[in-house]
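Student: Pasting a structure below so you can have a look.
The values are calculated or read from the model by the stated rules, or taken from the named source; none is laboratory data. These numbers come from a predicted model, not from an experiment. Neighbour counts are summed over all protein chains in view; Cβ atoms, including those assigned to glycine, are modelled from backbone coordinates with ideal geometry. We work out accessible area using only protein heavy atoms, side chains counted, and drop any ligands, DNA or RNA first. Shrake-Rupley method; radii C 1.70, N 1.55, O 1.52, S 1.80 Å.
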Amino acid sequence: MTQKQKLVLIGNGMAGMQAVEDILKKDSAKYDITVFGAEPHGNYNRIMLSPVLAGEQELDDIVIHSKEWYAENNITLHCGEKVTALDSTAKTLTTEKDNNFEYDKLIIATGSSPFIIPVPGKDLPGVISFRDINDVNMMRDAAKSYKNAVVIGGGLLGLEAAHGLQLNGMNVTVLHLMPTLMERQLDEAAGHLLQKELESRGINVITGADTQEIIGTDRVEAVRLKSGEEIPADLVVMAVGIRPNTELGQAAQLDVERGIVVDDHMQTSAPDVYAVGECVQHRGQCYGLVAPLYEMGRVLANNLCTDSLENYEGSITSTKLKVSGVNVFSCGEFLATEDSEDIVYRDPGLNVYKRLVIKDDILIGVVLYGDTADGPWYFQMIREQKNISDMRDMLIFGQAYATGGGQDADPFALISALPDEAEVCGCNGICKGDIVTAIQDKGLTTLAEVRSHTKASASCGSCTPQVEMILQATAGDAAVAHAIEPVCGCTTHGHDYVRQQIREQGLKSIPEVLQALRWSTPNGCGKCRPALNYYLLCQWPGEYNDDYQSRFINERAHANIQKDGTYSVVPRIWGGLTNANELRAIADVVDKFDIPTVKVTGGQRIDLLGVKKEDLTDVWADLNAAGMVSGHAYGKSLRTVKTCVGSEWCRFGTQAAMTMGIELEKLSWASWTPHKFKMAVSGCPRNCAEATIKDFGVVAVDSGWELHVGGNGGMVVRATDLLCKVETEEDVKEYCGAFMQLYREEGHYLERTAPYVERVGLDHIKAHVVENEESRKQLYQRFLISQRYAQIDPWAERARDKVHAHEFSPLAQVG
Amino acid sequence: MTTYWIEVGQINDIPPLGARTINTKTGRIALFRAEGDKIYALEDRCPHKNGPLSQGIVHDCAVTCPLHNWVIDLQSGEARGPDQGTVPTIPVKITDGKIQIAITAEATGTND
Ligand code: SRM
Ligand SMILES: Cc1cc2nc3c(=O)[nH]c(=O)nc-3n(C[C@H](O)[C@H](O)[C@H](O)COP(=O)(O)OP(=O)(O)OC[C@H]3O[C@@H](n4cnc5c(N)ncnc54)[C@H](O)[C@@H]3O)c2cc1C
Ligand code: SF4
Ligand code: FES
């Protein structure tokens, strides 16, 4: 048996690892692969650090290759071990731990480093860059204890950092040397629009700002500009550019200019040494975006695994800014020259700006601001150098108009019309044909499957709608039935997609959602409006204005409508405990308002049935006066927390179940959830509170508390799954809040926790709530923040403050 | 039968995509403010099981009944989709934002 060749990769980042994946795909048996990475992690999606900083994604979500993945694929990973020397004649390398290794083939993919402007103060604590997980953690930590952030650099990276820091609660100033933002991607007009938008969000932008000095003694305190102006700063993020990491190449005496020079086969000047990624220079060009780097990886994999050599011929790149709610797209040459012509479209009302640059009837550049839906289509035309003379008059209006049909054009027809070579996923360089083939050959029916087989839409996610449409068009009903159940008849989009778009596009009202996602009805229907209202409320706590008219009557009237049009009133009875005072007040309102039925509910509370709508506010006022608040018996929200008597009284009780139940109810009351949410706490495994058919059930045992999730009584009974066991009451609260928040963020509207847990899987819940402490704490934190705005007694607001008074009185009395 | 035009309030008394009620001697009337500020008046009882339509969610030119989700067209009073049934509608007149509805003498309690 011949021994396998030793392939070594230096740098386990996005480019290098993509090359390794492509190599495994071509021939998984050819090489014995070893990978060195200076960072202490497996490979993660660096692009997504921006959404992580913005709090829109978690670090867990952006891992591309976990350490297990390396093991499963028989790859030896040395992470947290930097390679310090390379001898391309002896074919060996040395690491910082002084270990030596041999190779037969070597790939250098060391990426690049942030450029630090050489001003005094640049080494002060609090001055950082934005490149890796460590930087993001530092920024998030800084935001917890400091207020003022300055970002130096108004390019892509700087603006994403500024946006993220602002969402972390900091006051942010962006200092940009040039007169307009992102001048390398945007023309002046678009740069100004962008600046205006960021300023309207409260980000301070100073252009023409030349940094002279960073001031501070123990930590950064301010940034001084050459103009003399000083901007207070507790944190300075330098995002002025990157510099290819070429030291290894230099040390090994490879040909190095700006980057490590490679030929069209991705080979460096030394035999058997190749390079891909941001560290390389190819035909005079260095790249800083992933699409070309992935292309390099594919070519290299082919050349390392097959006999037919392929050439990499350079890439045209396109840019998108990942700041939610700001749509910017640019590609190609966008500055007008003498022999180019411009087509410009502006709509200041809609804040849309588009500019196409054309030379000899060929599209050579495009800048889009506001409406970027057609970006990929223009990008494709630029790459194909397509003659556009026959659609020139409609070109600026985008694909739907230029190729016929206008706004009513069937999006499926447009997708079908795309040629197989059209690139759909820019991040991963996946064409329509690749996706169609994978769907057909492997019988894929869900977006998740398409992502895992092709990587399409698996990075920044902005092409998800196109990928979904290709899936539907190719797999037909099989895909529709499985993959995406639309929210309602007004749309073809499913719940997850809608939530994702709300998050990513920063949609903040129902009309905005309907507009952006092209709803087919002017204002939705009784099914989608409550769902959208909930999704917006959950995404933007404290910021979103609840849309009253999008709530079902019970949640508007804060009482349950009955078959005869009267209402029922259920005050909160914390943990099922009451007292003489409360009972007296209840008895009094029953007499005073002539309430026909008083019933003990299945949820350990008291229901007053048959109250006239006009009497509701007065009934509540009396109950409020006795200290009682709404029980939300009517809401998609926390309902009851049932308890048993627990160790407070019971001879078998091991823990104080009543106290625990009250604590949980105080924690979670008034929260809105996708469907109703019920809890119970039992003081011992005899489980008298029936905790194992609740959404969140707690069962006390000798050594602590067992936590159960996903139970349901009702029509389809489901017993809970055991989530884990914890020791303290504080733990119970933290796990409870974290689970509720995860369900709040991921549950589909009107999906109870039982079907939710089955859909996402218990492992998923455990991964976020049990195994990852950081993630649990963040979920819990988000829950608490949302509760800050939610825990207001709706009865008191109406009875005392006369909120929505029109709901409770007729407009007129005739006769 | 005699009918009267009676002023019952202003458009702004009704929340957009919302409803208010008017009590009369012959039953309750629901007054809707639909898409584009169009005002419709219907008897406040669903043709299915008398659900109070005024408590439903208003969308486009229709309301979804709060009890069992029938969708009633506000202009014609007819149930949409597979369901069958009609709610009596009441004529409405708007002048300068003021709403008038046409009411029978019986509903006002006057016998003539
Ligand atoms: C009042 C009460 C019955 C009683 O007199 O005991 C009740 C009354 C109603 N239940 Fe219930 N449920 C009541 C406890 C329960 C329980 C028992 C429990 O919570 O321990 C269950 C089974 C446990 C569970 O939910 O998993 C229960 C399962 C349901 C279901 C089926 C849910 C399911 O997932 O399958 C519905 C239908 C729905 O929500 O779509 C429902 C719906 C309803 C509604 C809200 C029907 C409606 O939409 O109008 C009833 C409202 C009556 C009213 O106006 O007050 N009710 N309902 C109980 C109120 C408890 C409380 O204090 O808040
Ligand atoms: C916040 C942020 C947002 C971005 N957004 C986008 C975007 O939206 N779209 C886009 O296309 N691109 C984006 N980029 C750029 C993109 O992430 C990079 O182009 C890409 O990661 C480069 O891949 P690479 O493999 O060349 O380098 P890297 O991903 O940086 O990987 C290089 C790895 O090599 C390691 N290394 C370096 N030297 C050594 C050594 N001597 N020994 C061992 N290991 C070493 C490094 O620690 C690093 O982990 C973004 C970048 C950042 C930082
Ligand atoms: S069991 Fe049926 S009838 Fe009884 S309260 Fe629940 S929903 Fe109403
Ligand atoms: S009463 Fe209106 S739908 Fe049943």
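Student: For the range A:47-58, what does the Karplus curve 6.51 cos²θ - 1.76 cosθ + 1.60, with θ = phi - 60°, yield as ³J(HN,Hα) per residue in whole Hz, taken in order and with x for Gly and Pro?
Tutor: Whole-Hz 3J(HN,Hα) from phi for the range A:47-58: 3, 7, 4, 5, x, 5, 4, 6, x, 8, 9, 9.
Student: Using the C-alpha gyration tensor of chain B, what are the square roots of 5 times its eigenvalues, in whole angstrom, with the largest one first? Intermediate results must be reported in sequence, preceding the final value.
Tutor: Numbers: eigenvalues 98, 60, 24 Å².
Computed over chain B, the values are 22, 17, 11 Å.
Student: As I understand it, the value is the acute angle between the Cα axis of helix A:773-790 and the longest principal axis of the Cα atoms of chain A; what does it come to in degrees, rounded to 10?
Tutor: 50
Student: Round to the nearest 10 and give me the degree value, 0 to 90, for the angle of helix A:580-592's Cα axis relative to the longest principal axis of chain A.
Tutor: In chain A, helix A:580-592 runs at an angle near 70 degrees to the longest axis.
Student: Further question: Under a point spin-label approximation (7 Å from Cα along Cα-to-Cβ), what is the A:Leu577-A:Asp564 distance to one decimal in nm?
Tutor: 3.7
Student: Ok, one more. Over 31 Å between C-alpha atoms is what I'm after, so list which of A:Lys592/A:Lys802; A:Lys563/A:Lys733; A:Lys144/A:Lys766 land there. Write down the numbers at each step before the final one.
Tutor: Details: A:Lys592/A:Lys802 21 Å; A:Lys563/A:Lys733 38 Å; A:Lys144/A:Lys766 27 Å.
In this structure, A:Lys563/A:Lys733 lie more than 31 Å apart at Cα.
Student: Let me ask another. Skipping prolines and chain starts, which residues have an amide H placed within reach, meaning under 5 Å, of the one on A:Glu213, given they are 5 or more residues away or on another chain?
Tutor: Amide H neighbours of A:Glu213, under 5 Å, 5+ apart: A:Arg224.
Student: Would you calculate, for chain A, the mean residue ellipticity at 222 nm contributed by helices, counting each DSSP H stretch of 4 or more residues as -39,500 (n - 2.57) and dividing by all residues, to the nearest 500?
Tutor: Working: 29 runs with 273 residues, N = 815.
Counting only the DSSP helices, I get -9500 deg cm²/dmol.
Student: How long, wide and thick is chain A, going by the Cα atoms along their three principal axes, in whole angstroms, largest first?
Tutor: Over chain A, Cα extents along the principal axes are 94, 65, 64 Å.
Student: Using the Karplus curve 6.51 cos²θ - 1.76 cosθ + 1.60 with θ = phi - 60°, what ³J(HN,Hα) values do you get for each residue of the range A:515-530, in whole Hz, with x for Gly and Pro?
Tutor: Karplus-based 3J(HN,Hα) across the range A:515-530 equals 5, 5, 9, 6, 4, 8, 10, x, 9, x, 9, x, 8, 7, 4, x Hz.
Student: Right, next: From Cα pairs below 8 angstrom and at least 6 apart in sequence, can you work out the relative contact order of the range A:3-150, rounded to a whole percent? Intermediate values should be presented prior to the final figure.
Tutor: Numbers: 204 pairs, mean separation 41.6, N = 148.
The value is 28 percent.
Student: Give me the percent of DSSP beta bridges within chain A that run antiparallel, rounded to the nearest 5. Working shown, then result.
Tutor: On the way: 73 of 117 bridges.
Antiparallel bridges make up about 60 percent of those DSSP assigns within chain A.
Student: Over the range A:554-630, what is the mean sequence separation of C-alpha contacts under 8 Å (at least six apart), divided by residue count, expressed as relative contact order in percent? The partial results should precede the final answer.
Tutor: On the way: 97 pairs, mean separation 28.4, N = 77.
This gives 37 percent for the range A:554-630.
Student: Treat each spin label as a single point 7 Å out from the Cα along the C-beta direction, and report the A:Ser452 to A:Thr601 distance in nm.
Tutor: About 4.1 nm separates the two model spin labels.
Student: Okay, next question. Report the dimensions of the range A:642-761 along its three principal axes from the alpha-carbon atoms, largest first, rounded to Å.
Tutor: The Cα atoms of the range A:642-761 stretch 41, 26, 22 Å along the principal axes, largest first.
Student: Would you please give the residues with an amide H less than 5 Å from that of A:Cys724, counting only those at least 5 places away or on a separate chain, with H modeled from the backbone geometry?
Tutor: HN-HN under 5 Å from A:Cys724: A:Leu707.
Student: Kindly express, to the nearest 10 degrees and within the range 0 to 90, the angle between helix A:290-305's C-alpha long axis and the longest C-alpha principal axis of chain A.
Tutor: That helix lies at roughly 60 degrees to the long axis.
Student: For the range A:382-395, what does the Karplus curve 6.51 cos²θ - 1.76 cosθ + 1.60, with θ = phi - 60°, yield as ³J(HN,Hα) per residue in whole Hz, taken in order and with x for Gly and Pro?
Tutor: 5, 5, 7, 6, 6, 6, 10, 4, 6, 10, 4, 5, 10, 3
Student: Among the listed pairs A:Lys82/A:Lys455; A:Lys26/A:Lys97; A:Lys527/A:Lys676, which have their C-alpha atoms separated by more than 23 angstrom in this model?
Tutor: Numbers: A:Lys82/A:Lys455 29 Å; A:Lys26/A:Lys97 33 Å; A:Lys527/A:Lys676 16 Å.
Cα-Cα > 23 Å for A:Lys82/A:Lys455; A:Lys26/A:Lys97; rest within.
Student: Multiplying the sequence separation of A:Leu177 and A:Gln3 by 0.36 nm and subtracting their Cα-Cα distance, what value in nm do you get? Walk me through the numbers on the way to the answer.
Tutor: Details: separation 174, 0.36 × 174 = 62.64 nm, distance 5.59 nm.
That works out to 57.0 nm of additional length.
Student: What residues does the range B:16-53 have that are buried by at least 40 Å² of accessible area in the full protein assembly compared to the chain on its own, 1.4 angstrom probe?
Tutor: Residues losing area: B:Leu17, B:Arg20, B:Thr21, B:Asn23.
Student: When Cβ neighbours within 10 Å are restricted to other protein chains, what is their mean count per residue of peptide A:93-100?
Tutor: On the way: counts 0, 0, 0, 0, 0, 0, 0, 0.
The mean count of partner-chain Cβ atoms within 10 Å per residue comes to 0.
Student: OK, next. Take the residue pairs A:Lys67/A:Lys122; A:Lys613/B:Lys49; A:Lys666/A:Lys725; A:Lys320/A:Lys359; A:Lys196/A:Lys508; A:Lys25/A:Lys105 and return only those whose Cα atoms are more than 25 Å apart. Please list the in-between numbers first.
Tutor: Numbers: A:Lys67/A:Lys122 35 Å; A:Lys613/B:Lys49 19 Å; A:Lys666/A:Lys725 22 Å; A:Lys320/A:Lys359 23 Å; A:Lys196/A:Lys508 19 Å; A:Lys25/A:Lys105 18 Å.
Over 25 Å apart, Cα to Cα: A:Lys67/A:Lys122.
Student: Relative contact order of chain A: what whole-number percent is it, with Cα pairs under 8 angstrom and at least 6 residues apart? Could you put the intermediate results ahead of the total?
Tutor: Working: 1632 pairs, mean separation 54.8, N = 815.
Rounded, it is 7 percent for chain A.
Student: Tell me, what % of the accessible area of chain A is carbon and sulfur with a 1.4 angstrom probe? It would help to have the intermediate numbers written out before the result.
Tutor: Values: 16550 of 34490 Å².
Accessible surface attributable to carbon and sulfur in chain A totals 48 percent.
Student: What's the FRET efficiency of A:Ser269 with A:Gln385 using the Cβ-Cβ distance as r and R₀ = 41 Å, to the nearest 0.05? List each step's numbers first, then the result.
Tutor: Details: r = 32 Å, r/R0 = 0.78.
According to the calculation, E is roughly 0.80.
Student: Could you compute how fast the range A:160-264 diffuses translationally, taking Rh as the Kirkwood radius over C-alpha pairs and applying Stokes-Einstein at 25 °C with viscosity 0.890 mPa s? Give it in µm² per second. Write down the numbers at each step before the final one.
Tutor: On the way: Rh = 16.3 Å.
Translational diffusion coefficient: 151 µm²/s.
Student: Let me ask something additional. Can you give the FRET efficiency to the nearest 0.05 for A:Asp339 and A:Ile206, using r as the Cβ-Cβ distance and R₀ = 60 Å? Don't jump to the answer; show the numbers that get you there.
Tutor: Numbers: r = 36 Å, r/R0 = 0.60.
So, using R0 = 60 Å, E works out to roughly 0.95.
Student: FRET efficiency for A:Thr84 and A:Ala29, Cβ-Cβ distance as r, R0 = 45 Å, nearest 0.05? Walk me through the numbers before you get to the answer.
Tutor: On the way: r = 31 Å, r/R0 = 0.69.
Result of the calculation: an efficiency of 0.90.
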